[in-house]
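Trainee: Shown below is the structure under consideration.
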Amino acid sequence: MGIFDMFLSEDRRIAKEQRTLTNRDKQTEDRENAARWLASQDAPKAYVALLTRFDMNLENQLKDKGEKEVVYGLAVGLGERVMRPLERHLRRCRQIATPLRLYVDLVGQDKAVEKVFEILEIEREKDDFKPDKKVDLLVWLVDHKHDRCIEVATPFLQDFDENVRYAAAEVMLAQSDDGARPILEKALANPDEESNRLKVRLSEVFKQRSWPLDDADAVAANLPTGMAVRSDRVVSA
């Protein structure tokens, strides 16, 4: 601690340590000392500041990973005290993977899935044309089965970003039943869908799973090259 730090208010000291923690030009020792100080405080603001390290990347990936693991261990050690700051961070952060891993460790997979649903709704309501977080959340959901996954993913089939639409489709395809079939058929038949990658993926799934079509003509008019409709099934042309 610097000689003048004792004269700083709590908020100003937290802000100072956060700047150190997220400053790429500082030494690893300085950033880790800042992280330990923040974790040692009995203050939710300090924990929020601690978690911001997950949103900053170093060019040296090995060093970056090591520092983040230090922060991760400090956050895990806070237990219940870090939960509300973590939930706040999850709503605001840009990089979701490590905070979500922390959330799973603290409360379990089921509650983490519900939290992802909540954050996806927040992201869907934004109008900021920043799709990366939506993509990351949907990709995370692909590995999880839940009876609300299809419902939650459906609106993202209309997203402006191709990667979001593709990830939403993958979430729906990963579920254990065929409940997404009519929704994905509409996506496949959508004449405004510009993503050939998505149309190829969906048509291949309809072919492999031999899913029946409710509107074969609409689907046939929008299939990618190499696919066709015979009777009410998608087949290779």
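The values are calculated or read from the model by the stated rules, or taken from the named source; none is laboratory data. Small disclaimer: the values here were computed from a predicted structure and weren't measured. With ideal geometry, Cβ positions are generated from the backbone for all residues, glycine too; neighbour counts draw on all protein chains shown.
Trainee: Kindly indicate whether any position in the range 102-119 is under 30 Å from Pro191 (Cβ atoms), out of contact with any helix residue (DSSP H, G or I) (no Cβ under 6 Å at 6 or more places or on another chain) and outside the structural domain of Thr22 (by TED's automatic domain parsing).
Mentor: Within the range 102-119, none of the residues are under 30 Å from Pro191 (Cβ atoms), out of contact with any helix residue (DSSP H, G or I) (no Cβ under 6 Å at 6 or more places or on another chain) and outside the structural domain of Thr22 (by TED's automatic domain parsing).
Trainee: Among the helices (runs of 4 or more DSSP H) contained in the range 1-119, which hold 1 or more residues that are of a type in the set (Ser, Thr, Tyr)?
Mentor: 10-21, 28-40, 44-51, 61-78, 97-107
Trainee: Against the definition (surrounded by fewer than 17 Cβ atoms within 10 Å (Cβ to Cβ) and touching a His at 6+ places or on another chain (Cβ under 8 Å)), how does Gln109 come out, yes or no?
Mentor: yes
Trainee: So, one more: Within the range 90-106, track down each residue that is over 16 Å from Ala167 (Cβ atoms), among the aliphatic types (A, V, I, L, M) and surrounded by fewer than 19 Cβ atoms within 10 Å (Cβ to Cβ).
Mentor: Hits for the range 90-106 are Val104, Leu106.
The rows are residues; the columns are (1) basic (Lys, Arg); (2) at pLDDT 95 or above.
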{"site": "Arg53", "(1), (2)": "yes, yes"}
{"site": "Gly66", "(1), (2)": "no, yes"}
{"site": "Tyr72", "(1), (2)": "no, yes"}
{"site": "Gly108", "(1), (2)": "no, yes"}
{"site": "Glu114", "(1), (2)": "no, yes"}
{"site": "Glu121", "(1), (2)": "no, yes"}
{"site": "Asp128", "(1), (2)": "no, no"}
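Trainee: Name the single residue, out of those in the range 122-135 being in contact (Cβ under 8 Å) with a residue 12 or more places away in the chain and surrounded by fewer than 18 Cβ atoms within 10 Å (Cβ to Cβ), that is nearest to Arg92 (Cα to Cα).
Mentor: Restricting attention to the range 122-135, the residues satisfying the condition of being in contact (Cβ under 8 Å) with a residue 12 or more places away in the chain are 122-124, 129, 131-135.
Adding the requirement that they be surrounded by fewer than 18 Cβ atoms within 10 Å (Cβ to Cβ) leaves 122, 124, 129, 132.
Numbers: Ile122: 10, Arg124: 13, Phe129: 15, Asp132: 13 Å.
Restricting to residues being in contact (Cβ under 8 Å) with a residue 12 or more places away in the chain and surrounded by fewer than 18 Cβ atoms within 10 Å (Cβ to Cβ), the top hit is Ile122.
Trainee: On the given criteria, is Glu17 among the acidic types (Asp, Glu), exposed (fewer than 13 other Cβ atoms within 10 Å of the Cβ), more than 16 Å from the chain's Cα centre (by Cα) and not assigned by TED's automatic domain parsing to the domain that holds Val135?
Mentor: No, not satisfied.
Trainee: Would you say Pro155 is part of a loop (DSSP other than H, G, I, E, B) and either basic (Lys, Arg) or touching a residue at least 24 places away in the same chain (Cβ under 8 Å) (or both)?
Mentor: On the way: part of a loop (DSSP other than H, G, I, E, B): no; either basic (Lys, Arg) or touching a residue at least 24 places away in the same chain (Cβ under 8 Å) (or both): yes.
When the stated conditions are applied, Pro155 does not pass them.
Trainee: Evaluate the following for Arg233: is it in contact (Cβ under 8 Å) with a residue 12 or more places away in the chain, out of contact with any Gly (no Cβ under 9 Å at 6 or more places or on another chain) and closer than 26 Å to Asp161 by Cβ? Break it down into steps so the answer makes sense when it comes.
Mentor: Details: in contact (Cβ under 8 Å) with a residue 12 or more places away in the chain: yes; out of contact with any Gly (no Cβ under 9 Å at 6 or more places or on another chain): yes; closer than 26 Å to Asp161 by Cβ: no.
So Arg233 does not fit the description; no.
Trainee: Could you check, for the range 138-153, whether at least one of its residues is assigned by TED's automatic domain parsing to the domain that holds Glu121, over 25 Å from Leu102 (Cβ atoms) and modelled with pLDDT of 95 or more?
Mentor: Within the range 138-153, the first condition is being assigned by TED's automatic domain parsing to the domain that holds Glu121, and the residues that meet it are 138-153.
Imposing the further condition that a residue be over 25 Å from Leu102 (Cβ atoms) reduces the set to 147, 150-151.
Those still in the list that are modelled with pLDDT of 95 or more too: 150-151.
Yes, the range 138-153 has at least one match.
Trainee: Name, by its number, the condition in (1) in a helix (DSSP H, G or I); (2) touching a helix residue (DSSP H, G or I) at 6+ places or on another chain (Cβ under 8 Å) that does not hold for His144.
Mentor: (1)
Trainee: Looking at the range 141-150, is at least one residue in contact with a Lys or Arg (Cβ under 9 Å, 6 or more places away or on another chain) and charged (D, E, K, R)?
Mentor: no
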